[in-house]
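Just below is one structure, and these are the notes that go with it.
The values are calculated or read from the model by the stated rules, or taken from the named source; none is laboratory data. Values in this document were obtained by computation on a predicted structure and should not be read as measured data. Heads up, the Cβs are rebuilt from the backbone with ideal geometry, glycines too, and the neighbour counts pull from every protein chain shown.
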Ligand SMILES: Cc1ncc(COP(=O)(O)O)c(C=O)c1O
């Protein structure tokens, strides 16, 4: 007997989770592994945010809330979009869910018919294609190579659109690449999209604040206001306020789309837990200084990793423009032989070698649809990153020539 529905047969478990599990298993055997697999800020959630959750629970905010989220939180999200992105949305045009991931899941669940296509510029966040497939859609994954800064270009977008295209996903700064789009680049994509009215745009802006070298963030909504009634602007508190485990994401979009998403939400999880919504409210309305502090730390670590990788023959890394990952090119290692005599045939073999010989957990580029690369998270201390680079360097040095 099979416990599993047919729809799950095409879905892979999260690759970054799998890498973390492998690292944990090695640790349990006493091996000292550095886990650079998962992407979570290593800072504590600001104290006033934690306090707000306690206070809300003590004050009786312990009941179900409206599915879309409390009015106070939706108003705070609308104010955030106005303040930081220059976008005009009312509280009725905002939804809150258990993380940006659930926002995306609800949106796909609410809109995809069998065979509808979602364009996922590649490399993509690992969950996008799996969610699309789980919900009966077809991922379309145009390559956005390093030479183009991992960015989708108008010609590549145009070539990927078909009459079945339901969604274009954008993610900026991007996971895993850190790529960011300028106003002009977004407008050029918008000009293509204007010709294809069947396409909805999901702009995942969860790493908005983790942006380096003085770059200014431009929301898709800001760049292409003429596409407002087809755009879902997705964000959340996880990365900006070190709140991954609190599970609060939010989005702004056209009312009919949000209504359909709320139907999914109300018939599944009902709402986000009330004290977590109070915490997100405190994050969005309280002191914002943690954002700049985190950004400074992530920029320093980015520099540390870029400088370190530059000293390792066979690896390549252009400075990521945002987010807290390094998507490291490893073409120079493919075909080399490990001290045990195995040939590194692809980036999965490279990460396997780094794990067993270098005691570094990294995620292969295959998981993000673009090889040969591997992703490390830079959301860990400078000391750990320095040690990680030294281990990668030693492991690479131990390889024999092709
Ligand atoms: C691009 C992207 N979107 C969404 C998420 C998840 O956000 P949340 O924790 O709010 O569900 C992640 C987390 O890694 C991500 O990288």
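For the reader, a short list of remarks on this structure follows.
- Count of residues meeting criterion [touching a helix residue (DSSP H, G or I) at 6+ places or on another chain (Cβ under 9 Å) and not in a helix (DSSP H, G or I)] in the stretch 274-304: 2
- Enumeration of residues in the stretch 171-184 that are part of a loop (DSSP other than H, G, I, E, B) and away from the ligand (no atom under 16 Å from the Cβ): 182
- Scanning the stretch 13-42 for residues that are touching a helix residue (DSSP H, G or I) at 6+ places or on another chain (Cβ under 6 Å) and more than 14 Å from the ligand (Cβ to nearest atom) gives 33, 34, 35.
- If you go through the stretch 90-101 and keep only what is surrounded by 19 or more Cβ atoms within 10 Å (Cβ to Cβ) and assigned to a helix (DSSP H, G or I), you end up with 93, 100, 101.
- Enumeration of residues in the stretch 136-170 that are touching a residue at least 40 places away in the same chain (Cβ under 8 Å) and not in a strand (DSSP E or B): 136, 141, 144, 145, 146, 149, 150, 160, 161, 162, 164
- If the condition is being assigned to a loop (DSSP other than H, G, I, E, B), farther than 26 Å from residue 173 by Cα and free of Cβ contacts under 8 Å to residues at least 24 places away in the same chain, then the stretch 306-352 contributes 340, 341, 342, 345.
- Here the condition is being within 13 Å of the ligand (Cβ to nearest atom), at pLDDT 95 or above and more than 22 Å from residue 369 (Cβ to Cβ); of 97, 72, it holds for 97 alone.
- Count - residues of the stretch 245-270 that are within 16 Å of the ligand (Cβ to nearest atom) and assigned to a helix (DSSP H, G or I): 5
- Failed item in (1) part of a helix (DSSP H, G or I); (2) within 21 Å of the chain's Cα centre (by Cα), with residue 213 passing the rest: (1)
- For residue 104, the conditions (1) farther than 30 Å from residue 392 by Cα; (2) over 21 Å from the mean Cα position of the chain (by Cα); (3) part of a helix (DSSP H, G or I) all hold with the exception of (2).
- Residue in the stretch 185-195 that is away from the ligand (no atom under 16 Å from the Cβ), over 29 Å from residue 248 (Cα atoms) and either in a loop (DSSP other than H, G, I, E, B) or touching a strand residue (DSSP E or B) at 6+ places or on another chain (Cβ under 7 Å) (or both) present: yes
- Criterion (surrounded by fewer than 23 Cβ atoms within 10 Å (Cβ to Cβ), in contact (Cβ under 8 Å) with a residue 60 or more places away in the chain and away from the ligand (no atom under 16 Å from the Cβ)) met by exactly one of 112, 87: 87
- Any hit, the stretch 134-141, residues being farther than 23 Å from residue 259 by Cα, in contact with a strand residue (DSSP E or B) (Cβ under 9 Å, 6 or more places away or on another chain), within 16 Å of the ligand (Cβ to nearest atom) and at pLDDT 95 or above: yes
- Meets criteria (within 22 Å of residue 274 (Cβ to Cβ), assigned to a helix (DSSP H, G or I) and more than 16 Å from the ligand (Cβ to nearest atom)) for residue 82: no
- Per-region count, the stretch 219-249, residues within 15 Å of the chain's Cα centre (by Cα) and closer than 20 Å to residue 179 by Cβ: 7
- Residue that is nearest to residue 326 (Cα to Cα) [pool: residues in the stretch 43-56 that are assigned to a loop (DSSP other than H, G, I, E, B) and more than 16 Å from the ligand (Cβ to nearest atom)]: 44
- Subset tally (residues that are in a helix (DSSP H, G or I) and surrounded by fewer than 21 Cβ atoms within 10 Å (Cβ to Cβ)) for the stretch 57-77: 5
- Given (1) touching a strand residue (DSSP E or B) at 6+ places or on another chain (Cβ under 7 Å); (2) modelled with pLDDT under 95, number of the condition residue 13 does not satisfy: (1)
- Qualifying residue in the stretch 283-301 (condition: crowded, with 22+ Cβ neighbours inside 10 Å and under 25 Å from residue 26 (Cα atoms)): no
- Test: residue in the stretch 29-42 that is more than 20 Å from the chain's Cα centre (by Cα) and either closer than 14 Å to residue 250 by Cα or in a helix (DSSP H, G or I) (or both): no
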